[in-house]
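Input: a single structure, listed below in structure tokens.
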Amino acid sequence: MKRLQSPDELLQLQQKYKKNRDERKTTISVCAGTGCIACGCEKVITALKEKIKKEKLDKVVEIKTTGCHGFCERGPLVVIQPDGIFYQKVNEKNIAMIVEKTIMNGQLVKNLLYRDPTTKVVIEKEKDIPFYKNQKRIIFNKNGLMDPTSIDDYITLGGYKALAKSLTELKPDEILEEVKKSGLRGRGGGGFPTGRKWETCKKAKNDTKYIICNADEGDPGAFMDRSILEGNPHQVIEGMIIGAITIGSDQGFVYVRHEYPLAVKNLSIALKAAREMGLLGENILGSGFNFDIEISRGGGAFVCGESTALMASLEGKVGEPRAKYIHTVEFGLWDKPTILNNVETWANVPVIIDKGSDWYSSIGTEKSKGTKVFALTGKINNTGLVEVPMGITLREILYDIGGGVPGGKKFKAVQTGGPSGGTLVVETADKDVHQSLVEHGDIQDDENIKSLLDLPVDFDELIKAGSMMGSGGMIVMDQDSCMVDVAKYFLNFLMEESCGKCIPCREGVKTMWHILDRITKGEGKMEDLESLEDLSQVIIDTSLCQLGGSAPNPVLSTLRYFHNEYLAHIEDKRCPAGVCKELVAHAIDETCNGCHACVKPCPTDAIIGKPKELHRIDQDKCIQCGACYQVCKFDAIKRVRTDEGDAVQVKAKQLWQSHSPKKTEVVM
Amino acid sequence: MTTIKVEKSYDVKDAIDKIIKKYNYKPTALIMIMQDVQSHYKYLPKEALELISKKMKLPMAQIYGVATFYKTFSLEPKGKNHICVCTGTACHVRQASIIIDKLERDLNISVGETTEDGEFSIETVNCLGACALGPLVTANEEYYGNMTVAKIDKMMEDLKKPKVNKVKREEVV
């Protein structure tokens with residue numbers, strides 16, 4: 001590849017690529033994000049390549065392995081352009097059919113098309129599927145159209161145009177002005193205005209400055225940064241170069257999670273290609289400006305998502321954070337002024353520069369501009385990545401895009417912001433939640449409060465509601481999730497991830513976990529709830545960094561909205577969701593049809609019963625492992641209070657005998 | 001605890017030298033150097049750490065600190081079949097704990113341990129980012145999605161079958 005000598009040469013090349021591109025050419029794009037790879041898309045790609053070759057179609061059909069399309073639930077995904085025909089859950093055996101029917105004869109393979117689970121309507125095209133239709137993709141729009149390992153694809157789609165503009169039309173001050181005017185706020189969690197961060201760093205007097213991209217996405221249940229790096233690494237690189245031009249930096253780092261091997265691979269390929277073309281390294285596009293980027297693989301520590309800890313880790317040290325009053329924009333990596341933004345924030349920069357701050361700030365709400373990518377996971381029909389304009393309501397995200405809670409179960413809460421956000425948005429109009437708020441003393445009994453689900457998603461609105469945007473994980477929970485257990489889960493996570501430097505976090509979180517552990521085992525006391533609130537306040541006030549400072553959030557928010565569930569655990573010794581093992585007994589009720597499926601998975605041979613007869617769980621033998629609950633297709637396994645197991649089974653026996661006289665030989 | 005024979009000392013030297021050279025002796029690359037050593041041996045042998053300390057002129061205390069701080073590192077040898085259960089929030093609400101209990105019960109070890117014959121080890125990971133497939137398990141870096149207790153049995157059967165690449169791995173250790 002020839003090195004480009006000037007921004008003009010880049011734009012000419014772009015024109016040439018665009019002209020040579022045949023828009024009508026049949027392109028089969030197969031999603032090869034981590035989600036689809038885990039579903040076996042590699043076999044699909046191999047089969048597809050073989051079949052296309054066999055049918056001698058390789059001249060007229062192009063196969064593209066792209067980054068994540070977002071609809072992970074339905075992977076592996078195959079999209080046929082230019083029409084946008086969308087095939088889901090494709091396996092290698094379907095390939096012959098797809099090629100023969102769709103590619104060669106223009107017919108659809110009906111059983112691979114998406115069928116809307118609620119309306120049962122079959123949808124042909126990607127853009128018409130509710131999951132995609134209701135999104136607004138300005139960061140993710142290129143993902144499905146390009147091969148992440150091809151710099152040519154990125155350039156064809158308008159890539160590096162913003163860089164050319166930053167080197168010719170705009171002066172560094174003007175770039176800064178654009179970023180400030182766009183209203184872009186950090187997408188990593190806090191929502192700090194990006195332009196202001198850049199400005200302070202630009203003003204700091206030092207010959208050496210650094211640019212860092214935080215790709216150590218530590219929040220469990222969030223994976224948008226990974227998908228951007230995997231699917232479109234050049235957009236992040238371009239954003240970082242523009243940032244470097246603005247503040248005058250010659251070295252950048254991408255700190256990426258070791259658990260994301262594909263992101264590391266695609267990013268390395270992209271960096272190499274950018275260097276070869278003269279877009280990165282010395283004398284970028286003949287401008288005399290030098291900037292290079294190095295990859296640093298993190299060692300898997302949640303606290304390294306915190307900026308000062310991340311910088312310590314980059315220096316090859318233990319990732320311990322330091323006090324916040326020394327700002328990293330002035331004294332960051334090796335005590336030099338440093339800008340640290342996360343992947344999604346960097347990916348926004350080229351879009352802002354290319355389309356202008358006016359266009360960008362027309363999207364979103366007054367104080368939150370642009371779009372936000374969320375990872376929608378947990379108990380939701382359409383798991384995947386969604387990019388939505390700021391200001392959309394949670395209801396729209398969860399129901400219009402996410403398709404609601406599966407299996408007709410009741411929505412309980414959605415958790416945002418990861419463990420450090422640890423906060424919940426609940427249906428406040430819900431009876432149980434309402435009751436909890438009354439008992440907790442937050443509202444009066446006759447007070448009617450608006451459902452939080454109708455809240456616009458916006459940095460400030462969410463904080464006002466006691467939640468936060470966070471990095472974009474949205475984990476949906478239904479009636480089967482125990483909120484005490486969820487709070488305990490987050491504390492356990494934070495306890496393990498606490499770096500141990502300051503006492504409130506190291507000891508305080510541990511103590512809180514022990515209290516919750518007691519509660520989930522049925523050994524809780526009413527005073528425990530008070531202790532939890534007291535401890536929380538101390539930890540919030542005295543922790544060194546935000547990991548500790550926000551650690552009590554999951555407890556405080558669940559205490560507020562699900563006070564009743566805590567009471568059930570403490571006073572009734574009952575876990576309403578049936579999750580806490582020590583408070584649960586498994587029992588089979590009358591819905592059992594004797595399918596016998598639960599017998600084999602039982603590790604202790606506690607299930608007794610012949611095929612086609614009512615089964616029964618021996619309460620003494622059962623260890624509450626939940627294996628039978630998982631396999632039962634008829635919802636006959638009930639999780640009840642420890643002393644209610646026998647009663648349920650006795651009643652089941654009576655009902656069976658009275659309803660079906662033939663089935664009297666119930667083994668009891 | 002299992003003991004896996006470490007290569008003869010000159011081999012260790014060669015391997016470590018190669019890895020350190022790849023990163024130009026940069027102290028910033030310490031974590032990545034140790035990751036490469038770990039993927040070579042499947043854990044961090046003491047000799048290797050001492051060599052890194054000597055070659056890179058870094059105190060052993062710093063290296064030990066890094067080795068014990070980050071989750072990816074292990075000072076104990078791992079099993080030939082490395083099973084990793086995702087305990088991200090999405091997997092947790094889809095009951096990853098049942099899967100962990102099942103594995104612990106069947107292999108008779110706890111998370112973080114290796115079976116006596118050195119065949120299996122179980123670990124947990126915070127999030128693998130394939131939340132649509134939760135609960136998710138990886139075995140030797142291969143993904144097994146939407147796991148149930150029954151599917152674990154099947155996975156274990158697969159893992160117990162003799163494999164071609166097993167020979168290769170034995171050559172390394």
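Based on this model, can you work out whether A:V256 counts as at pLDDT below 95, in a helix (DSSP H, G or I) and open to solvent by less than 10 Å² (accessible area, probe 1.4 Å)? No: the conditions fail for A:V256. Taking (1) over 19 Å from B:M147 (Cα atoms); (2) part of a loop (DSSP other than H, G, I, E, B); (3) modelled with pLDDT of 90 or more; (4) open to solvent by less than 70 Å² (accessible area, probe 1.4 Å) in turn, A:K610 satisfies each apart from (4).
Restricting segment A:357-375 to residues that are of a type outside the set (S, T, N, Q) and open to solvent by less than 10 Å² (accessible area, probe 1.4 Å) leaves a set whose member that is farthest from A:A164 (Cα to Cα) is A:A375.
Could you go through segment A:576-597 and let me know if any residue there is under 28 Å from A:L516 (Cβ atoms), touching a residue at least 40 places away in the same chain (Cβ under 8 Å) and of a type in the set (K, R).
yes
A:C68 fulfils the conditions (1) away from chain B (no Cβ under 14 Å); (2) in contact (Cβ under 8 Å) with a residue 24 or more places away in the chain except for a single criterion, (1).
In segment B:133-156, of all residues being open to solvent by 10 Å² or more (accessible area, probe 1.4 Å) and of a type in the set (A, V, I, L, M, F, W, C), the one that is farthest from B:K71 (Cα to Cα) corresponds to B:A150.
Taking the condition open to solvent by 10 Å² or more (accessible area, probe 1.4 Å), touching a residue at least 60 places away in the same chain (Cβ under 8 Å) and within 28 Å of the chain's Cα centre (by Cα), does A:S268 pass? Against the criterion (open to solvent by 10 Å² or more (accessible area, probe 1.4 Å), touching a residue at least 60 places away in the same chain (Cβ under 8 Å) and within 28 Å of the chain's Cα centre (by Cα)), A:S268 does not qualify.
Applying the criterion of being open to solvent by less than 50 Å² (accessible area, probe 1.4 Å) and in a helix (DSSP H, G or I) to the residues of segment A:50-60, the residue that is nearest to the other protein chains (Cβ to nearest Cβ) is A:K51. Filtered by the rule that a residue be within 12 Å of chain A (Cβ to nearest Cβ), touching a strand residue (DSSP E or B) at 6+ places or on another chain (Cβ under 7 Å) and either modelled with pLDDT of 90 or more or open to solvent by less than 20 Å² (accessible area, probe 1.4 Å) (or both), segment B:105-122 gives a lone residue, B:V111. Does A:K510 fit the bill of being open to solvent by 80 Å² or more (accessible area, probe 1.4 Å), at pLDDT below 95, over 22 Å from the mean Cα position of the chain (by Cα) and not polar (S, T, N, Q)? Criteria not met by A:K510. Among residues of segment B:60-87 that are surrounded by fewer than 18 Cβ atoms within 10 Å (Cβ to Cβ), those with a beta-carbon under 8 Å from a residue that is part of a helix (DSSP H, G or I) at least six positions away or on a different chain give the pairs B:M60/B:L49; B:M60/B:E50; B:M60/B:S53; B:Q62/B:L30; B:Y64/B:L49; B:L75/B:K46; B:L75/B:A67; B:L75/B:T68.
Exactly one residue among A:A585, A:A597 is touching an Asp or Glu at 6+ places or on another chain (Cβ under 7 Å), of a type outside the set (V, I, T) and either over 29 Å from A:S471 (Cβ atoms) or surrounded by fewer than 18 Cβ atoms within 10 Å (Cβ to Cβ) (or both), and that residue is A:A585.
Sort out which residues of segment B:63-77 are facing chain A (nearest Cβ under 7 Å) and within 14 Å of B:P27 (Cα to Cα), and write them in order of number. Hit for segment B:63-77 is B:V66, nothing else. The single condition from (1) at the interface with chain B (Cβ under 9 Å from one of its Cβ atoms); (2) part of a helix (DSSP H, G or I); (3) over 24 Å from the mean Cα position of the chain (by Cα); (4) not charged (D, E, K, R) that A:C304 fails is (3).
When A:I242, A:I155, A:I212, A:I175 are screened for being in a strand (DSSP E or B) and either touching a residue at least 60 places away in the same chain (Cβ under 8 Å) or within 14 Å of chain B (Cβ to nearest Cβ) (or both), only A:I212 passes.
Taken together, the criteria place A:G298 among residues that are closer than 30 Å to B:V125 by Cα, touching a residue at least 60 places away in the same chain (Cβ under 8 Å), within 14 Å of chain B (Cβ to nearest Cβ) and touching a His at 6+ places or on another chain (Cβ under 7 Å). Residues that are more than 30 Å from A:N141 (Cβ to Cβ), buried (at least 24 other Cβ atoms within 10 Å of the Cβ), free of Cβ contacts under 8 Å to residues at least 40 places away in the same chain and touching a strand residue (DSSP E or B) at 6+ places or on another chain (Cβ under 8 Å) do not occur anywhere in segment A:335-350.
Any chance you could count how many residues in segment A:99-155 are of a type in the set (K, R) and farther than 29 Å from A:Y399 by Cβ?
Just the residues of segment A:99-155 that are of a type in the set (K, R), to begin with: A:101, A:110, A:115, A:120, A:125, A:127, A:133, A:136-137, A:142.
The next check asks that each one be farther than 29 Å from A:Y399 by Cβ; those that pass are A:101.
Total satisfying the criteria: 1.
Of the residues A:A96, A:A47, the single one that is surrounded by fewer than 16 Cβ atoms within 10 Å (Cβ to Cβ), among the aliphatic types (A, V, I, L, M) and not in a loop (DSSP other than H, G, I, E, B) is A:A96. Among the residues of segment B:88-104, the one identified as of a type in the set (G, A, S) and either open to solvent by 10 Å² or more (accessible area, probe 1.4 Å) or within 17 Å of the chain's Cα centre (by Cα) (or both) is B:S97. Criterion applied to A:E100, A:E73 was being among the acidic types (D, E) and at pLDDT 90 or above, and the one residue passing it is A:E100. Looking only at segment A:24-42, count how many residues are more than 14 Å from chain B (Cβ to nearest Cβ), in a loop (DSSP other than H, G, I, E, B) and in contact with a strand residue (DSSP E or B) (Cβ under 9 Å, 6 or more places away or on another chain). Adding up the residues that qualify gives 1.
Count of segment A:468-481 residues, restricted to those that are within 18 Å of A:E427 (Cα to Cα), at pLDDT below 85 and open to solvent by less than 10 Å² (accessible area, probe 1.4 Å), is 1.
Residue by residue, here is whether (1) buried (at least 24 other Cβ atoms within 10 Å of the Cβ); (2) within 14 Å of another protein chain (Cβ to nearest Cβ); (3) under 16 Å from the mean Cα position of the chain (by Cα) holds:
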residue	(1), (2), (3)
A:T377	yes, yes, yes
A:I380	yes, yes, yes
A:L385	yes, yes, yes
A:I392	no, no, no
A:E396	no, no, no
A:G403	no, yes, no
A:P406	no, yes, no
A:K412	yes, yes, no
A:T416	yes, yes, yes
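Within segment A:322-334, the set of residues being assigned to a loop (DSSP other than H, G, I, E, B) and surrounded by fewer than 24 Cβ atoms within 10 Å (Cβ to Cβ) comprises A:R322, A:A323, A:K324, A:Y325, A:I326, A:H327, A:V329, A:E330, A:F331.
Give the residues of segment B:163-172 that are within 24 Å of B:V85 (Cβ to Cβ) and either at pLDDT 90 or above or outside any helix (DSSP H, G or I) (or both), sorted by residue number.
Within segment B:163-172, B:K163 is the sole residue that qualifies.
Is it true that A:T558 is hydroxyl-bearing (S, T, Y), open to solvent by less than 50 Å² (accessible area, probe 1.4 Å) and part of a helix (DSSP H, G or I)? Here the answer is yes, as A:T558 does meet what is asked.
The values are calculated or read from the model by the stated rules, or taken from the named source; none is laboratory data. Remember, it's a predicted structure, so these values are computed and weren't measured experimentally. Methodologically, a virtual Cβ is constructed for each residue, glycine included, from the backbone with ideal geometry; neighbour enumeration extends over all protein chains shown. Just the protein is used for accessible areas: all its heavy atoms, side chains included, with ligands, DNA and RNA removed. Shrake-Rupley method; radii C 1.70, N 1.55, O 1.52, S 1.80 Å.
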